[in-house]
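Let me begin by presenting the structure, written as structure tokens, before commenting on it.
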Amino acid sequence: MPTAGALLLTPGAGSDRNHASLLAIEAALAPLPVARVDFPYRRAGRKAPDRAPVLLQCVRDEAAGLAENTGVAPERIVLGGRSMGGRMCSMAVADGLPAAGLVLISYPLHPPGKPENLRVDHLRGITVPCLFVHGTKDPFGSPDELAPWTATIGGAVTHVWIEGGRHDLKGADARIADTVRDWIHAL
């Protein structure tokens, strides 16, 4: 039986569940069950993200709902998403949420222009396989900044660098989708 039985995808802070790359990933993985979800602030029509505890609870609730709706055991669900969404999934998994792996697209290592404000404390607590798809020109963290921190993750880490890509990875949806599909099928 394949490791991954379903995928939960979350958007970045400025987007929603219908982001083009999330749609492309879902299409590439068919017929694997994929749930693209919005965070509570987005569902309420707000632009500013909720605080981390609310976002983390949303990830836990959506993962439980996906497991219940599909009959897929929680430890066979891959979690992830773009930027803030992927970060929240990685924090939930580091905090004990079962998962088959993490898909982290444009992981926000630090705010643009503030490399001292690292978002890495939880990475050591991750023990599942992780896929990082990241642009080489991402102002939220360069490959040279990201790689040493991802090396602290206990699970196998795969990096796919999108040459010249910025944080939005504009024009790379098909490559992102193919990369995620191939990685999930190889789990």
Just to be sure I understand: of the beta bridges DSSP finds with both ends in the chain, what percent are antiparallel, rounded to 5?
0
Can you compute 3J(HN,Hα) from phi for each residue in the range 83-100, using the Karplus curve 6.51 cos²θ - 1.76 cosθ + 1.60 with θ = phi - 60°, rounded to whole Hz and x for Gly and Pro?
6, 4, x, x, 4, 5, 4, 5, 5, 5, 5, 4, 8, x, 5, x, 7, 7
Amide H contacts under 5 Å for Val157, restricted to residues at least 5 apart in sequence or on another chain and with H modeled in the peptide plane, are Cys130
When the charge dipole of the chain is computed with +1 at the Cβ of Lys and Arg and -1 at the Cβ of Asp and Glu, the Cα pointing farthest to the positive end, of Tyr41, Asn18, His134, is that of Tyr41
Debye, to nearest 20: dipole size of the range 6-186, +1 on Lys, Arg Cβ, -1 on Asp, Glu Cβ
380
5 Å is the cut-off here: which amide hydrogens, built 1.01 Å from N in the peptide plane, fall below it relative to Val103, excluding neighbours closer than 5 in sequence?
Leu79, Gly80, Gly81, Leu131
Apply the Karplus parameterisation 6.51 cos²θ - 1.76 cosθ + 1.60, with θ equal to phi minus 60°, to every residue of the range 105-111 and state each ³J(HN,Hα) to the nearest whole Hz, in sequence, with x for glycine and proline.
9, 6, 4, x, 4, 7, x
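Can you sort Leu66, Leu187 by how many other beta carbons sit within 10 Å, fewest first? Spell out each step's value before the answer.
Numbers: Leu66 21, Leu187 15.
With the sparsest Cβ surroundings first, the list reads Leu187, Leu66.
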Cβ density ranking, 10 Å radius, fewest first, applied to Arg166, Arg42 yields Arg166, Arg42
Scan (i) 9, 38, 38, 14, 2, 0; (ii) 8, 27, 22, 12, 7, 6, 5, 4, 3, 2, 1, 0; (iii) 10, 42, 40, 8, 0 for the value of P(r) over Cα pairs in 10 Å bins from 0, in percent calculated from this model and give just the label.
(iii)
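Quick one: compute the contact order of the chain, relative version, from alpha carbon pairs under 8 angstrom and 6+ residues apart, as a percent.
Numbers: 380 pairs, mean separation 40.7, N = 187.
Rounded, it is 22 percent for the chain.
Every read-out reported here was derived from the displayed coordinates using simple, explicitly stated rules and does not represent laboratory data. None of these values were measured; they are calculated from a predicted model. Virtual Cβ from ideal backbone geometry, glycine too; neighbours counted across all protein chains shown.
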